[in-house]
Every structure is written in structure tokens, then in C-alpha cells.
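Step one of this worksheet: look at the structure below.
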Amino acid sequence: MKEFTYHKAHDVAGAVALLGADPEARFLGGGTNLVDLMKNGVERPARLIDVRDLPLDRIEPAEDGGLRIGATVTNSDLAAHPDVRRRYPALAQAVLAGASGQLRNMATVGGNLLQRTRCGYFTDVSRPCNKRRPGSGCPAVHGVHHNHAILGASEHCVAVHPSDMGVALAAFDAVVTYETADGPGRLPLADFYLPVGDTPHRETALPQGALITGVELPPVPVAAHSRYRKVRERASYAFAIGSVAAALDVRDGVVHDVRLAFGAVASRPWRARTAEQALTGARADADAFAAAADAELAEARPLPDNGYKVTLMRNLVVAVLTELAEEAAR
């Protein structure tokens with residue numbers, strides 16, 4: 001591991017100023033991703049700025065009736081919060097599905113959004129990777145890619161974003177708040193992650209030197225009837241090979257409102273807006289759910305070894321929405 005200096009920030013402005021003075025520095029929250037990347041040489045910051053003690057560890061009501069979640073709230077505290085569990089259950093379920101208890105006790109909301117891909121070529125510094133070294137190539141395209149992207153990828157990168165929490169946040173139109181030397185800003189999660197294109201090393205639209213201060217969840221009534229379902233290769237803690245965050249409001253057998261987001265299929269949490277549009281006003285039955293999933297997945301471009309994800313995601317959408325519809329009918 002490269003030698004580095006360590007500073008503990010005591011206020012948001014001070015943290016931003018420290019990073020502005022040293023662009024090679026990195027903010028440190030729980031360290032559950034950054035420290036691993038430092039150990040294998042992917043990240044080599046000259047300075048770590050510890051933001052864990054900043055006053056950003058609260059979950060509180062927002063003026064519009066939603067929730068405001070601080071960036072240093074731990075994943076454990078987020079999943080256990082009564083308002084999250086009651087009003088956005090899919091978010092609590094996603095966080096609990098995302099890691100072991102020890103990791104959830106350390107990992108923070110802001111850090112979760114910024115975690116890097118778990119592609120084996122990205123974490124192996126002896127191999128080329130356009131995320132680490134732009135222009136060096138993407139060996140996963142013709143190599144090991146069974147858990148890689150089927151939507152929104154390019155020849156320059158086919159890795160997927162690993163966050164479970166981000167999938168639920170995408171379904172509920174979350175907004176990321178941040179602070180820079182020029183003042184505060186807001187960025188809808190839909191615009192937070194950049195398309196892969198030919199610049200996969202540019203992962204987010206955060207301004208240079210920005211510190212994430214929190215996440216705002218708008219009031220979304222349908223979110224109270226939501227679920228997160230994750231498929232992984234083993235029952236214990238593992239990253240998803242496919243996941244769905246879904247919320248459904250059924251009235252007289254017809255879909256009145258629906259929210260859908262997919263995980264582990266793209267470089268960012270994938271909001272399934274085509275499927276949502278197809279379902280709104282449709283009968284709440286398995287045939288409609290399958291047709292909506294097919295419409296969303298029509299643009300899928302699987303690689304030779306990950307075509308199974310198309311079928312997996314279709315079945316997952318049908319299963320989760322059917323469960324929600326049956327609950328609504330009781």
C-alpha cells in the first residue's frame with residue numbers, strides 16, 4: 001500500500017477545503033470499498049480525509065414530506081430506521097441484502113453511492129482496464145463476463161454497478177445533495193451516474209472536489225408497497241447477478257402506479273421506465289408483467305456468457321410484481 005497522510009475533518013467546509021488543496025486526496029467514510037482498493041493498488045491517494053465525524057449522520061423529515069438521509073448514516077442505521085422501513089421498505093430490504101452485518105455497521109450512504117465496480121479486471125492492476133487506465137481496453141468483453149452488463153454497456157466497458165441501495169433509491173427518484181467550494185448543489189440520482197460511452201473512467205456527474213452530504217427521498221406513496229428482490233450465486237453475502245426494486249399500487253385490478261429499477265445489469269442502477277409506462281393502466285396480472293419486462297429488456301445486448309440475465313430479470317420482475325399484486329388484493 002502506498003504511504004498516505006490522514007486528516008480528520010470536523011466540518012463540511014473544512015473537508016471540502018482539504019480536498020481542494022490536494023486533488024489526489026480521497027474522502028474516507030467507512031472505508032469498506034476504498035481501503036480494499038488501496039490494498040490492491042487500484043486507488044493510490046496521497047491523503048485520506050476522514051468525514052465520518054461530520055454532522056451528516058441523521059435521518060429526518062424533509063420539508064416536502066419526504067426523508068432526508070445524511071451521507072454518513074451507516075447502512076445498518078438506514079435499514080433499521082422506522083420511517084424507512086414503513087415508507088420505503090424496498091430500501092431497507094436492499095440495504096440488508098447488500099452486505100454482512102459487520103460491513104453494514106461501517107459502510108455509509110455516501111460511500112455506498114460511490115463504490116467502484118467489482119469487475120475482476122478492474123481490481124487486477126496487472127490487467128488492462130479502461131476504468132483504471134483509459135484507452136487500455138476492456139478484456140471482459142472477450143473474457144470473463146458472466147456477471148456483467150446487458151443494458152447500457154459499450155465496447156469500452158461492460159462492468160455493472162454493485163450497489164443494492166442505489167437500485168431502490170433509483171426507483172424512488174432520490175436526489176443526491178453535495179457541497180463544493182462554490183456552495184451546495186443537488187443532483188437527481190437519474191443523472192448522478194454517467195453513461196459508459198467511451199469514457200467509463202468518468203463514473204458520476206459530481207463536480208470536481210464535491211462532498212456528498214446526503215440523499216433526499218421525495219414523498220412517494222406507492223413506495224410503502226414495495227419490495228427488493230436480489231438473486232446471487234450463493235445464499236451468504238454476495239453481489240447480485242440480478243435484482244429488482246419494485247413498488248405497485250393496484251386499484252380494481254388495474255395498475256394505478258408502479259416503480260421499477262434493476263440492479264446488476266448495467267453500469268448504474270437501471271430505472272425501468274419503459275416497463276413502468278407499459279404497466280400503467282394495464283391489468284395487474286402475470287401476462288402484463290411479463291410483457292412490460294420484455295419491453296424493457298428489448299434493448300438488452302448480452303455477451304456470450306451472460307444472456308441468462310435476460311430470462312432471469314424477466315422472471316424476477318414477474319415474480320416480484322405478482323407478489324405485490326396478490327398482497328394488494330387481500
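Using the rule -39500 (n - 2.57) for each DSSP H run of four or more residues, divided by the residues of the chain, the 222 nm mean residue ellipticity is -8500 deg cm²/dmol.
Result for the chain in a Gaussian network model with C-alpha springs under 10 Å: among ASP182, ASP83, ASP164, the largest mean-square fluctuation is at ASP182.
Accessible area per residue for the chain, computed on protein heavy atoms with a 1.4 Å probe, is 44 Å². Only protein atoms count toward the accessible area here, which uses a 1.4 Å probe; on segment 82-160, the carbon and sulfur part of that area reaches 54 percent.
For segment 1-74, the set of GluC sites (Glu not before Pro) satisfying both a DSSP loop assignment and a count of at most 15 other C-beta atoms within 10 Å is given as GLU3, GLU24, GLU63. Classification of the chain by its C-alpha gyration tensor yields an oblate form. The axis ratio a/c (a ≥ b ≥ c) is 1.5 or more, and b/c is at least a/b. Computed with the Debye formula from one identical point scatterer per Cα of segment 226-273, without solvent, the log10 of I(q)/I(0) at q = 0.14, 0.33 Å⁻¹ comes to -0.42, -1.16. Using a simple spin-label model with pseudo-atoms 7 Å out from Cα toward Cβ, GLU233 and THR280 lie 3.8 nm apart. Its Kirkwood hydrodynamic radius, worked out from the mean inverse distance over all distinct Cα pairs, puts segment 97-216 at 15.6 Å. Sites listed here are GluC sites (Glu not before Pro) in segment 254-330 whose DSSP assignment is loop and whose Cβ has at most 13 other Cβ atoms within 10 Å: GLU299.
Scaled to the globular estimate 2.2 N^0.38 Å, the Cα spread of segment 212-326, given as radius of gyration, is 1.08. Spin-label pair ARG301-GLU323: with each label point 7 Å from Cα along the Cα-Cβ axis, the two points sit 3.3 nm from one another. Shape class of segment 127-178 from the Cα gyration tensor (axes a ≥ b ≥ c, square roots of the eigenvalues): prolate, since a/c reaches 1.5 or more and a/b is larger than b/c. Roughly to the nearest percent, how much of the accessible area of segment 263-304 is carbon and sulfur, given a 1.4 Å probe? That share works out to 48 percent.
Within segment 195-287, the trypsin sites (Lys or Arg not before Pro) that combine a DSSP coil assignment with at most 16 other C-beta atoms in a 10 angstrom radius are ARG202, ARG234. Between GLU60 and ARG47, the contour length at 0.36 nm per residue exceeds the Cα-Cα span by 1.5 nm. Magnitude of the charge dipole for segment 5-48, about its Cα centre and with charges confined to Cβ atoms of Lys, Arg (+1) and Asp, Glu (-1), is about 100 debye. Here the contact order of segment 164-249, divided by its residue count and restricted to Cα pairs under 8 Å and six or more residues apart, works out to 29 percent. When the Gaussian network model of the chain links Cα atoms closer than 10 Å, the mean-square fluctuations of ALA171, ALA235, ALA282 top out at ALA235.
Per-atom-type breakdown for segment 5-48 gives carbon and sulfur 54% of the accessible area (1.4 Å probe, protein chains only).
Compared with the dominant principal axis of the Cα atoms in the chain, helix 12-21 is inclined by about 60°. Take the Cα of ALA290, step 7 Å toward its Cβ, do the same at ARG251, and the gap between the two points is 2.9 nm. Here r is the Cβ-Cβ distance between TYR6 and LEU103 and R0 is 22 Å; the resulting FRET efficiency, rounded to 0.05, is 0.55.
The values are calculated or read from the model by the stated rules, or taken from the named source; none is laboratory data. Computed from a predicted structure; not experimentally measured. A quick note on method: Cβ atoms are made from the backbone with ideal geometry, for glycine too, and the neighbour counts reach across all protein chains shown. Only protein heavy atoms, including side chains, enter the accessible area calculation; ligands, DNA and RNA are left aside. Shrake-Rupley method; radii C 1.70, N 1.55, O 1.52, S 1.80 Å.
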